[in-house]
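The next block holds one structure in the form of structure tokens; read it before the comments.
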Amino acid sequence: MKQKLVQKLFFVFFLLSAPAAFAQGQADLAPVPGELEQAQRRSSRKFFIGGFTANGLSWFGSGVQFSSKLAASVQWQEQRVIQRFDLDVNGVQSDLSGVFTLTNSEKIQRQLALQMEWFPFSGPYYFAAGGGLETYSEKQRKTETYIPSGNYRDYAWNISQQKLFLSAGAGFRYIFTSGFFIHVGGNILFYPERGTHEQRGSYGTNTNWDYRQLQKDWQEPEKEARTHQNPYGAQLQILFGIAI
């Protein structure tokens, strides 16, 4: 989770530095075809809508262009990671004895944000600021079976979270002559409140309860919830759409 956050922060830093690099090199380098016409295209095409989905990630965005320099957009993002009947085997011997762990889990994160976009140059680069709401839910059920004894342990839990965030970032939205556009953006997020709600389901076993193992299983949702209580985060936006 931390590795993904570092990757997102690096990408956002790259997007933040892109407008400055564009301004510095605008007088020295030849512009990309259509780059200097972006201001006029933004002025003539007031509305835009687009989206993209891949590998459990979905984006949707829509907005209005007030002028060549100012726009407002609504951004929605969803990330899903679902595992069904994921079997993990530990300590298996030649006689097939060992521990078999069957896991069913579901993780869903959604973000809804309103952001203002400022285009300081004639090109497609913008700076953004805004805020929104992030929701997160995770459900997990594990069944551990010990072969050949036949002993088992089965337990389930879920966590949920709703938190507001403030955002600041940068990106670009390049509009082609046809009205088709490509939008790539990144934001750094700040969460004022980061509380989570944990709920534990049934806990069953056909052996005498081991207090230490029970305590470990009981604390598992709390441990997972702490990974979602960082005061900061990162957000990526990828849209392909049409401006009219």
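Would you kindly calculate the mean projected area, averaged across all directions, of the convex hull enclosing the Cα atoms of the stretch 85-240, in square nanometres?
On the way: hull surface 54.6 nm².
Dividing the Cα hull surface by four gives the mean projection, 13.6 nm².
Taking the Cβ of Ser43 as the center, what net charge do the other residues with Cβ under 12 Å away carry, scoring Lys and Arg +1 and Asp and Glu -1?
+4
Calculate, for Ser137 and Thr177, the FRET efficiency according to 1/(1 + (r/R0)^6) with r their C-beta to C-beta distance and R0 45 Å; round to the nearest 0.05.
Using R0 = 45 Å, I get an efficiency of 0.55.
Starting from the Cα of Ala129, step 7 Å along the direction of its Cβ; do the same at Ile242; then give the gap between the two resulting points in nm.
3.5 nm
Enter the mean projected area of the convex hull around the alpha-carbon atoms of the stretch 120-160, in nm², rounded to one decimal. It would help to have the intermediate numbers written out before the result.
On the way: hull surface 24.3 nm².
Value for the stretch 120-160: 6.1 nm².
Per residue, how large is the accessible surface of the stretch 136-222? Use a 1.4 angstrom probe and give square angstrom.
Roughly 56 Å² per residue, with all protein chains present.
The values are calculated or read from the model by the stated rules, or taken from the named source; none is laboratory data. Treat the numbers as computed from the prediction; the structure is a model and nothing was measured. All Cβ positions, even for glycine, are placed from backbone atoms using ideal geometry, and neighbour counts span all protein chains on display. Heavy atoms of the whole protein, side chains included, go into the accessibility calculation; ligands, DNA and RNA do not. Shrake-Rupley method; radii C 1.70, N 1.55, O 1.52, S 1.80 Å.
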